[in-house]
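Student: Sharing a structure, written as structure tokens. Questions coming.
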Amino acid sequence: MSEFDRRAFLGLSAAALVLPELILPAGVVDSAFAANQVVYSIPKTKTKRFAWTVDDGFSSTALGNYLKFAHVFDLKFTFFMPSAYAPWYQHKSQIKDLLQRGQIQIGNHTHNHADLTRLNTAGIKKQLTECHNRIEDTWSYNAKPYFRPPFGRINQKVIEAAAEVGYTTPVLWYGTLADSGPTSFYGIFSKAQKYFQDGRLIIDHANNTIASSQFWRLAQLVEKRNLQTVTLREAFGR
Ligand SMILES: [Zn+2]
């Protein structure tokens, strides 16, 4: 597909639903837990690769765009899904198809995007179990052991409670495209230039269509740098 065709194909609506999300820089977390339990990067291999993770899905249009991109640009994504949000179910069959082809992975992002550090152990388990069950019911897919704590907020209590319900791999990130709330494509692209590197784990959000409005430019950057995208399952081999 030529670049022009890609752009035409991606003639996307500007409709955006923007919800704020606190994004912490990598490494800024509760000091009470051992950092080696949390994933920030992916192991390096002979192939240059990075893991592109996409959270939330507050915008159905944006989520639909990412699913199209996975297909059109042959990119792999790991999505962290809060199970209370309707857009995931609106794209149910497309997601099923991409899951079956191993092109995307779905991870647990709690039921309603709760700050897990504010809950007790039972509450933490309930959030993760509710999300787990809905993913399983919808796609017959087991999201364990990967979860991302909303807002990147995590502590030892969260790590232990999550592990008790099978979520033993908390996933944070090395770099963010900083697009959970208001931004510009220029802002996103400059973050992509900084963070699309070998071994990186990137966080992105399907909350508005700013990134996806010029997605071909992000795809071009991946290609130019000879990078492959991998899901976390592929990156960690489990
Ligand atoms: Zn989130």
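Student: When residues of segment 71-82 are filtered for being more than 16 Å from the ligand (Cβ to nearest atom) and crowded, with 22+ Cβ neighbours inside 10 Å, how many remain?
Tutor: 1
Student: For segment 145-157, name all the residues that are out of contact with any helix residue (DSSP H, G or I) (no Cβ under 7 Å at 6 or more places or on another chain), more than 10 Å from the ligand (Cβ to nearest atom) and over 12 Å from VAL171 (Cβ atoms).
Tutor: If the condition is that a residue be out of contact with any helix residue (DSSP H, G or I) (no Cβ under 7 Å at 6 or more places or on another chain), more than 10 Å from the ligand (Cβ to nearest atom) and over 12 Å from VAL171 (Cβ atoms), then GLN156 is the only one that fits.
Student: Would it be correct to say that ASP97 is at pLDDT 95 or above, in contact with a His (Cβ under 9 Å, 6 or more places away or on another chain) and away from the ligand (no atom under 16 Å from the Cβ)?
Tutor: For ASP97, the condition - at pLDDT 95 or above, in contact with a His (Cβ under 9 Å, 6 or more places away or on another chain) and away from the ligand (no atom under 16 Å from the Cβ) - is met.
Student: A follow-up question, please. What about PRO82, is it within 14 Å of the chain's Cα centre (by Cα) and either on the phi < 0 side of the Ramachandran plot or in contact (Cβ under 8 Å) with a residue 24 or more places away in the chain (or both)?
Tutor: Considered against the rule, which asks whether it is within 14 Å of the chain's Cα centre (by Cα) and either on the phi < 0 side of the Ramachandran plot or in contact (Cβ under 8 Å) with a residue 24 or more places away in the chain (or both), PRO82 comes out as yes.
Table: residues versus (1) touching a strand residue (DSSP E or B) at 6+ places or on another chain (Cβ under 7 Å); (2) farther than 16 Å from ASP55 by Cα; (3) among the aromatic types (Phe, Trp, Tyr).
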{"site": "TRP173", "(1), (2), (3)": "yes, no, yes"}
{"site": "GLY187", "(1), (2), (3)": "no, yes, no"}
{"site": "ALA206", "(1), (2), (3)": "yes, no, no"}
{"site": "ALA211", "(1), (2), (3)": "yes, no, no"}
{"site": "LYS224", "(1), (2), (3)": "no, yes, no"}
{"site": "LEU227", "(1), (2), (3)": "yes, yes, no"}
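Student: Shifting gears a bit: So in segment 92-148, with the set limited to residues that are at positive phi and among the polar types (S, T, N, Q), which one is surrounded by the fewest Cβ atoms within 10 Å (Cβ to Cβ)?
Tutor: SER140
Student: If you don't mind, there's one more thing I want to ask. Identify, from the list SER190, SER184, SER180, the residue that is within 15 Å of the ligand (Cβ to nearest atom) and either of a type in the set (S, T, N, Q) or more than 15 Å from the chain's Cα centre (by Cα) (or both).
Tutor: SER180
Student: Checking the structure you have, find out if any residue of segment 149-168 is in contact (Cβ under 8 Å) with a residue 12 or more places away in the chain and under 27 Å from ASP74 (Cβ atoms).
Tutor: No - not one qualifying residue is present in segment 149-168.
Student: Give the residues of segment 100-126 that are at pLDDT below 95 and either within 16 Å of the ligand (Cβ to nearest atom) or among the charged types (D, E, K, R) (or both), sorted by residue number.
Tutor: ARG101
Student: Output the number of the condition that THR61 fails; it satisfies all remaining conditions of (1) within 23 Å of TYR146 (Cβ to Cβ); (2) modelled with pLDDT of 95 or more.
Tutor: (1)
Student: Identify, please: which residue in segment 29-56 is among the aromatic types (Phe, Trp, Tyr) and away from the ligand (no atom under 16 Å from the Cβ) and is, among those, modelled with the highest pLDDT?
Tutor: Here the answer is PHE50.
Student: Sticking with this one: With respect to LEU227, is the statement that it is surrounded by fewer than 16 Cβ atoms within 10 Å (Cβ to Cβ) and of a type in the set (A, V, I, L, M, F, W, C) true?
Tutor: Here the answer is no, as LEU227 does not meet what is asked.
Student: Now a separate question. Pairs only if they're at least six apart or on different chains, beta carbon under 6 angstrom, first in segment 205-220 and over 24 Å from LEU172 (Cβ atoms), second part of a helix (DSSP H, G or I) and at pLDDT below 90; list them, first residue then second.
Tutor: Short answer, once both residue conditions are applied: TRP216/ARG6; TRP216/ARG7.
The values are calculated or read from the model by the stated rules, or taken from the named source; none is laboratory data. Since the model is a prediction, treat every value here as computed from it, not as a measurement. Cβ coordinates were reconstructed from backbone atoms using ideal geometry, including for glycine residues, and neighbour counts include every protein chain displayed.
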